[in-house]
Each structure stands twice: as C-alpha cells, then as structure tokens.
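Undergrad: Just passing along the structure, written as structure tokens.
The values are calculated or read from the model by the stated rules, or taken from the named source; none is laboratory data. Remember, predicted model here, so these are calculated numbers, not experimental data. Here Cβ is always computed from backbone atoms with ideal geometry, including for glycine, and neighbour counts include all displayed protein chains. The protein model used for the area step is the full one, side chains on, heavy atoms only, and it has no ligands, DNA or RNA in it. Shrake-Rupley method; radii C 1.70, N 1.55, O 1.52, S 1.80 Å.
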Amino acid sequence: MTNILITGCGGFIGSHLAELMLSKGYKVYGTVFDFDGAKNISHIRDKITLLNWDMKDKAQSERILQQSQPDIIFHLAAQSFVIPSWDDPEGTLKTNIFGTMYLLDAARKLAPDATICVACSSAEYGFVEENEVPISESNPLRPSSPYALSKIGQDMLSYLYWKAYG
C-alpha cells in the first residue's frame, strides 16, 4: 500500500487532498500543529493517522518521517497568512524556510525514494505590473510581504534539494 504524508492536513487544501487520497485507497498520514484545530478533517479523523508536528522542530520532522514511511509527501504546512507575517517576520521565515529544510532533510535521510510536492504561493510574484497579467512562471519574483519572501525561500530551497539530491 502506498503511504501518503500530507503536512498541513488540517488546512483547507490539506483536508480535501486527504479525502481524495483516501478515496484512491492510499494510507494517509497527516500532520497538524494542533489536534484541536483540525476541524476540517473531523469527518475523516478516524480514517487517517494524525501526527503532531511543529515545523520548527528538526527532531519532530524526523519523527514524522519515521512514523509515516511515506512514498509521497505533499508539503502544505506553513505559516500561511500575510498579516501575521508582518507581525512576526522572523517566526514566518523560521517556520516556512527552516521547517521546509527540516522536512526535506529528514526525507533525504529517511525516505530517499519519496516523491515530494511542495506547495508555494502566487504571493511570490508580489508586485505585478498590469502588462504582466496573466502571470507566467517566468515572471520576476517581487515579494510584497515577509510571507511572500518566505515562500520564495521555500520554493528555492525545494529546487536546491531536488537538484542536489534528486
């Protein structure tokens, strides 16, 4: 059976992805920061294995990989709000960049054959000129918030790990 790890499983997208993966017959592991805050998955909570994960904790990243033994990782977890990123830019950068690095490093060691999909954000493009719409992936990155900057860092870190480690 294929093991799926969905970080940020309790979020809007993560909850729908968990439902889809269950419907396809996969074994689903999902991470949440707070079990009580996982209301989006309350209807499937007994069908998935929930793992508590603080992204900023390197040891916890290794623990969730050991527990889930994933074949596929969907990394959706993040500090995902613009306004809080202005209130705590350091926390946003630590969560999104270092948290992703800890996950990718744990996967490199403990699940080297896993396929990893990292969710980034259109916020990376930030300040877009009218003549640049619709935005293409070759558009310059012009972050307009600490959140956007953290997602660029996450995106580039993921690219680096892909190039360096496959």
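Undergrad: So how much slack lies between Cys117 and Asp46, counting 0.36 nm per residue of separation and subtracting their Cα-Cα distance, in nm?
TA: Extra length available between Cys117 and Asp46 comes to 23.1 nm.
Undergrad: Give me the extension gain from Glu129 to Thr2: residue separation times 0.36 nm, minus the current Cα-Cα distance, reported in nm with one decimal.
TA: Stretched fully, the Glu129-Thr2 segment lengthens by 41.4 nm.
Undergrad: Where only protein heavy atoms count, and the probe is 1.4 Å, what is the accessible area per residue for the chain in Å²?
TA: In whole numbers, the chain has 55 Å² accessible per residue.
Undergrad: To the nearest 20 debye, what charge dipole does the chain have about its Cα centre, counting +1 at the Cβ of each Lys and Arg and -1 at the Cβ of each Asp and Glu?
TA: For the chain, the charge dipole is close to 600 debye.
Undergrad: Just reorder Val118, Val28, Val82 by solvent-accessible area, largest first, 1.4 Å probe, all chains present.
TA: Val82, Val118, Val28
Undergrad: Put +1 on the Cβ of each Lys and Arg and -1 on the Cβ of each Asp and Glu in the chain; which of Leu110, Ser42, Ser150 then has its Cα farthest toward the positive end of the dipole?
TA: Leu110
Undergrad: At what distance in nm do the modelled label points of Asp34 and Tyr159 sit from each other, each positioned 7 Å from its Cα along Cα→Cβ?
TA: 3.4 nm
Undergrad: For mean projected area of the Cα convex hull in nm², several values are listed as [x] 10.2; [y] 13.2; [z] 14.2; flag the one computed from this structure.
TA: Here mean projected area of the Cα convex hull in nm² agrees with entry [x].
Undergrad: If you don't mind, there's one more thing I want to ask. Using heavy-atom solvent-accessible surface (probe 1.4 Å) with all chains present, what is the largest-first order of Phe74, Phe127, Phe98?
TA: Largest accessible area first, the residues go Phe127, Phe98, Phe74.
Undergrad: For Ser138 and Asp87, compute 0.36 nm times the residue count separating them, minus their Cα-Cα distance, and round to one decimal in nm.
TA: Once the chain is fully extended between Ser138 and Asp87, it gains 15.3 nm.
Undergrad: Okay, moving on. Need the list of lysines near Lys27 for cross-linking: C-alpha distance under 27 angstrom, and skip anything on the same chain fewer than eight residues off.
TA: Lys39, Lys47, Lys56, Lys58, Lys109
Undergrad: So for the chain, averaging the separation of alpha carbon pairs under 8 Å that are six or more residues apart and normalising by length, what relative contact order in percent results?
TA: In percent, rounded to a whole number, it is 22.
Undergrad: Continuing with this model, one more query. What residue among Gln66, Cys9, Ser80 has its Cα farthest toward the positive end of the dipole of segment 1-132, where the charges are +1 on Lys, Arg and -1 on Asp, Glu, each on the Cβ?
TA: Of the options given, the answer is Gln66.
Undergrad: Under the rule of -39500 (n - 2.57) per DSSP H run of 4 or more residues, summed and divided by the residues of the chain, what mean residue ellipticity at 222 nm is obtained, to the nearest 500 deg cm²/dmol?
TA: Only helices count here, giving -12000 deg cm²/dmol.
Undergrad: So, with +1 on the Cβ of K and R and -1 on the Cβ of D and E, and no other charges, what is the size of the charge dipole of segment 102-166 about its Cα centre, to the nearest 20 debye?
TA: Dipole about the Cα centre, nearest 20: 360 debye.
Undergrad: Sticking with this structure for a sec: Note down the magnitude of the dipole of segment 1-97 about its Cα centre, charges +1 on Lys and Arg C-beta and -1 on Asp and Glu C-beta and zero elsewhere, to the nearest 20 debye.
TA: It works out to roughly 360 debye.
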